[in-house]
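K.L.:
Structure incoming, see below.
The values are calculated or read from the model by the stated rules, or taken from the named source; none is laboratory data. Note that the structure is a prediction, hence the values are computed from the model and not measured. Here the Cβ is made from the backbone with ideal geometry for all residues, glycine too, and neighbour counts use every protein chain on show. Ligands, DNA and RNA are excluded from the accessible area calculation, which covers all protein heavy atoms including side chains. Shrake-Rupley method; radii C 1.70, N 1.55, O 1.52, S 1.80 Å.
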Amino acid sequence: MVDYSVWDHIEVSDDEDDTHPNIDTASLFRWRHQARVERMEQFEKEKEELEKGANDCKKKLADCQKKLKDLDVQDREKGDPEKLKKELDQLKKEEKKWQKKEDDLKKKEKTVPWNVDTLSKEGFSKSVFNVKADTKEETEEQKEQKHKTFVEKNLKALKHFGMLHRWDDSQKYLSDNPHLVCEETANYLVIWCIDLEVEEKHALMEQVAHQTIVMQFILELAKSLKVDPRACFRQFFNRIKTADQQYVDAFTDELEAFKERVRERAKVRIEKALKEYEEEEKKKRLGPGGLDPVEVYEGLPPELQKCFDTKDIQMLQDTISKMEANEARFYMKQCIDSGLWVPNAKGDGPDLEGADTEPVYEEAKNESTEHSAAC
């Protein structure tokens, strides 16, 4: 027959107690629970000390028996067998005392009332996946292709998760889509955050950043527990929702640090894009001699720049004639190599050893203006 006597002494669950209206019920429950926990801890400590004492006594008894056995007739001068026998008898008495204490403790344990902490335990506190460990290390190309395939297949689900902000919603969504609990999701969210910051969508970036740290904390928890991330994401949400202050503070600190890293990375990406754009524009405007017309124009003496600005060929001829031959030849060669001047176009312009040139005024002026605006 089933013994139902174990149900005769059960401490009532905290939330089932009736209290006086003037009593702070929540505080009372906390104090009561704390007292119960302390009693349980004290009992476990007493049990550990008892086990340790009993084991020490058994070890001493075994050592004494071994010494007595090894002491034969030839070695009697090296030891006193009578003394060992007395010690052995004393240890046997101590062993009986420890055994009695253990029996008393077991009886006491049976009489301890059950409570909400010992009455039941979670049957399903985690999910277990039979995943075969992949011992072969992937190459960078394989990782990139794996990430690309994963994102293409789950883009809609990834964006949906990134837009969530309530703990319960995130937990439910991952429960419905456990395949999202992986490194690829975290990597996609990081890239998305940087893209949003580059696009100056700061508020949306901060929202996605929150979900990024959620996924990273889950992955770190799985790594520390040495389990599949899909098997422990519920533990993360249970812990964060109980408002463990130390855990929440760690989460908040990491979130703020991550957002700052995203801003810095976005800034670097923007600067790199601007630099690449300027390089492309510079390549497009290079002259036949490989020189940049904007740089050449800005390097000309003010009097030569004025000739380009006023489109006055006569002024240019007069200015060149007043310069030393080598200096005039240097500047005019730069103008030709950069495309500011087209040699022998109309037969006008300054004569430099028979090479007539035509000024390309408008192009030089426009290029200089555009370059100044870009800077």
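K.L.:
Mind checking which residues of segment 40-73 are aliphatic (A, V, I, L, M) and loosely packed, with under 13 Cβ neighbours inside 10 Å?
P.N.:
ALA62, VAL73
K.L.:
Follow-up question, since we're still on this one. Based on this model, can you work out whether PHE124 counts as open to solvent by 50 Å² or more (accessible area, probe 1.4 Å), aromatic (Phe, Trp, Tyr) and modelled with pLDDT under 95?
P.N.:
yes
K.L.:
Six or more apart or on different chains, Cβ under 8 Å: which pairs go from a residue in segment 246-259 that's free of Cβ contacts under 8 Å to residues at least 12 places away in the same chain to one that's open to solvent by less than 60 Å² (accessible area, probe 1.4 Å) and aliphatic (A, V, I, L, M)? Could you list them?
P.N.:
That search, which allows pairs on different chains as well, returns TYR247/ILE240; VAL248/ILE240.
K.L.:
If you don't mind, another one. Let me spell it out: the conditions are (1) part of a helix (DSSP H, G or I); (2) open to solvent by less than 70 Å² (accessible area, probe 1.4 Å); (3) farther than 29 Å from VAL190 by Cα, and LEU291 meets all of them except one. Which number is the exception?
P.N.:
(1)
K.L.:
What pairs come up if the first residue lies in segment 274-287 and is outside any loop (DSSP other than H, G, I, E, B), the second is at pLDDT below 80 and loosely packed, with under 14 Cβ neighbours inside 10 Å, and their beta carbons are under 8 Å apart, counting only those six or more places apart or on different chains?
P.N.:
Qualifying pairs under 8 Å: GLU278/ALA374; GLU281/ALA374.
K.L.:
Where the second residue is part of a helix (DSSP H, G or I) and open to solvent by less than 60 Å² (accessible area, probe 1.4 Å) and the first is in contact (Cβ under 8 Å) with a residue 40 or more places away in the chain and lies in segment 312-331, which pairs have Cβ atoms under 7 Å and are six or more apart or on separate chains?
P.N.:
Pairs that qualify, where the first residue is in contact (Cβ under 8 Å) with a residue 40 or more places away in the chain and the partner is part of a helix (DSSP H, G or I) and open to solvent by less than 60 Å² (accessible area, probe 1.4 Å), are LEU316/CYS307.
K.L.:
Within the set of pairs 6 or more residues apart or between chains, which connect a residue that is at negative phi inside segment 83-110 to a residue that is open to solvent by 80 Å² or more (accessible area, probe 1.4 Å) and part of a helix (DSSP H, G or I) with Cβ atoms less than 7 Å apart?
P.N.:
LEU84/LYS67; LEU88/GLN65; LEU91/LYS60; GLU95/LYS58
K.L.:
For TYR331, are the conditions met, namely being open to solvent by 100 Å² or more (accessible area, probe 1.4 Å), of a type outside the set (Asp, Glu) and more than 23 Å from ASN187 (Cβ to Cβ)?
P.N.:
The answer is no for TYR331.
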